[in-house]
Amino acid sequence: MKLKSRHSQIRRIPPSPKDRKANSNATASARSPRNDEVRSPRASTRRTSSSPRSSPAVHTPTSPKNEAVQKIEPVVQKPRDDDELQIDLQQQMLSSLKEPDASLKALLDVLTDSSATHHRRVNACGAIKTLTLKKSNQVPLVRTAGVVSSLNTVLCTVAATEEERTRCINALMQLCIPEENWKIVYLFPQTAEALARNMADKYPQIRYAACLSTSFLAKKNRKEMASNRILMYAIARVIEVDKNGNLEKKSAKDKKVLTAARLCSLKMLLHLSKDRDVAFKLARMESITNALVTVANRMEKDANILCIATLTNLTRHPDNLNHLMFKVPKLALIFVTNVEGSDVECAKCALYALQNLSCDSNCRQELANTANLLGNVTKAAFKHDLPEQQLSALHTLKNLSDDPFNLVTMTNTPGCTATLLALANSSGNGMAQYLACDTLATLSHWLLTLSARKNTKLMGGDKDGGGGSESGAKRVEMGRRTFETSTYQMWT
């Protein structure tokens, strides 16, 4: 008699009514889709296969309803652009402002009331300016409804007088001083327009206050400002204040204020150019790049350093190199002029910029053919007392030598090969010696590549002037070194 398995013995036991009810509930639940199965089908399969009573050969058909449930995928939200985020921040900021008290609201109503007399509006502007001079009031006033928006309204009004604009822009400048206000002030509607309008104002004091206010706000609003073309155009006009000799027509006091406004704008542009994404946008702002190239080497020393440093920061982005080289006229000449200049900082920044530009393979031939570039860079490569300039110049020469079409240009430049040979045999700066050897090796490689072509030719016959017959000629491999001496009828 064969022994039956325990499993078959258990199945012969008649189920109780309680067990029948439990089995019916389990069957009903198995037919309906379970939440955990919809979320994780793999977990459902793992539970089914691990059961000792389950059979892998049994296929349970799924209903169309279950298939529709299983095909549901999570909805992926699209990333929001910067404009939408800016609008959301603006709405949150405006909704969080507190209401002004009665006296302050009366002053703000005078500012926005077009029927108010000139004297009332001037007095109201002066009163708000006096409130902003106190440091403890600067942060609460910005977060009070109507203060910044009323100032912007007056600054954007064409009919506003000089005195009204002067007091309002000075009040706005005081509100821009605390770091806590840098982000929220720029979020107000018309702030960028008010700043741009007053940076182009004909009165020097208003222009300087607007430039100073913008420089404060730029510290936390880099990308937003770089995307505002009206604001960038106004900054460019401030930089080109002496484009046609306009400063010479101004008084000494106004000239000093306008020069200070230009210096403030250059500092702001230098700050903006230190951001990678902003540098990409600035390089494609035609008004900014043309203004910087126009005023370069025509300003005072401090302003010229800021100008060259800003242009150098634009070359740090690899996607800007081709655009700057071929779309910005005379940019390379500006750098070449500063390399041989007397200012050490400007020369160092110019060499760094040329080094970056020479990294782009499309710019190397254009750079090598730029007037005086190779000559000035070669002179800088021999400045042992300025190691930073020396290494940057050698890096530039090395990058230019990577293009075989620059072989003739570099070898024809007076002193270029001699400088590289002198540095290669020098034992002073190890990095300079390495770069010089690397550049010479690259130039030698191109010479060897041009001469070592794998072709042969019959030599030694009458046709080649060898004096022998054509049958006695031998096939010689062209470009191969023979180390043989050639004589002319020498006696043995």
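Assorted remarks:
- Rg and Dmax, both from the Cα atoms of region 283-376 and both in Å, are 12.0, 35.
- Available extension along the chain between Thr449 and Lys327 is 40.5 nm, counting 0.36 nm per residue and deducting the alpha carbon span.
- Of Lys274/Lys348; Lys202/Lys274; Lys202/Lys250, pairs whose Cα-Cα distance is over 19 Å: Lys202/Lys274
- Loop-located GluC sites (Glu not before Pro) across region 260-355 with a Cβ neighbour count of 14 or fewer within 10 Å are Glu300, Glu340, with loop assigned by DSSP.
- Pair His384, Asn362: separation of 7 Å Cα→Cβ label points (nm): 4.2 nm
- Highest to lowest packing among 257-268, 179-190, scored as the average C-beta count within 10 Å: 257-268, 179-190
- Between the beta carbons of Ala371 and Arg276, assuming R0 = 45 Å, the FRET efficiency works out to 0.90 to the nearest 0.05.
- Between region 379-439 and region 263-300, the Cα center-to-center distance that results, in Å: 31 Å
- From largest to smallest, the equivalent ellipsoid semi-axes obtained for region 228-307 from the alpha-carbon gyration tensor read 23, 12, 11 Å.
- In terms of the mean number of neighbouring beta-carbon atoms within 10 Å, the peptides 351-358, 112-119 order highest first as 351-358, 112-119.
- Intensity falloff of region 96-188 expressed as log10 I(q)/I(0), Debye formula with alpha-carbon point scatterers, at q = 0.18, 0.19, 0.22, 0.24 Å⁻¹: -0.73, -0.82, -1.11, -1.31
- Close amide H pairs (under 5 Å, H built 1.01 Å from N) link Val476 with Lys457, Leu458, Met459, residues at least 5 positions away or on another chain.
- Rg/Rh, computed from the Cα trace of region 287-328 with Rh as the Kirkwood radius, has the value 0.99.
- Using a simple spin-label model with pseudo-atoms 7 Å out from Cα toward Cβ, Leu94 and Lys223 lie 2.2 nm apart.
- When the surface is traced with a 1.4 Å probe over the full set of protein chains, Arg167 keeps roughly 70 Å² accessible.
- Computed FRET value (nearest 0.05) for Arg120 with Glu300, which takes r as the C-beta separation and R₀ as 60 Å: 0.90
- Computed lengthening from Ala260 to Glu340, 0.36 nm per intervening residue step minus Cα-Cα distance: 26.1 nm
The values are calculated or read from the model by the stated rules, or taken from the named source; none is laboratory data. Not measured: the values here are computed from a predicted model. Quick reminder, even Gly has a Cβ in these numbers, built from the backbone with ideal geometry, and neighbours come from all protein chains shown. When the accessible area is computed, the model is the full protein with side chains, heavy atoms only, and any ligands, DNA or RNA have been set aside. Shrake-Rupley method; radii C 1.70, N 1.55, O 1.52, S 1.80 Å.
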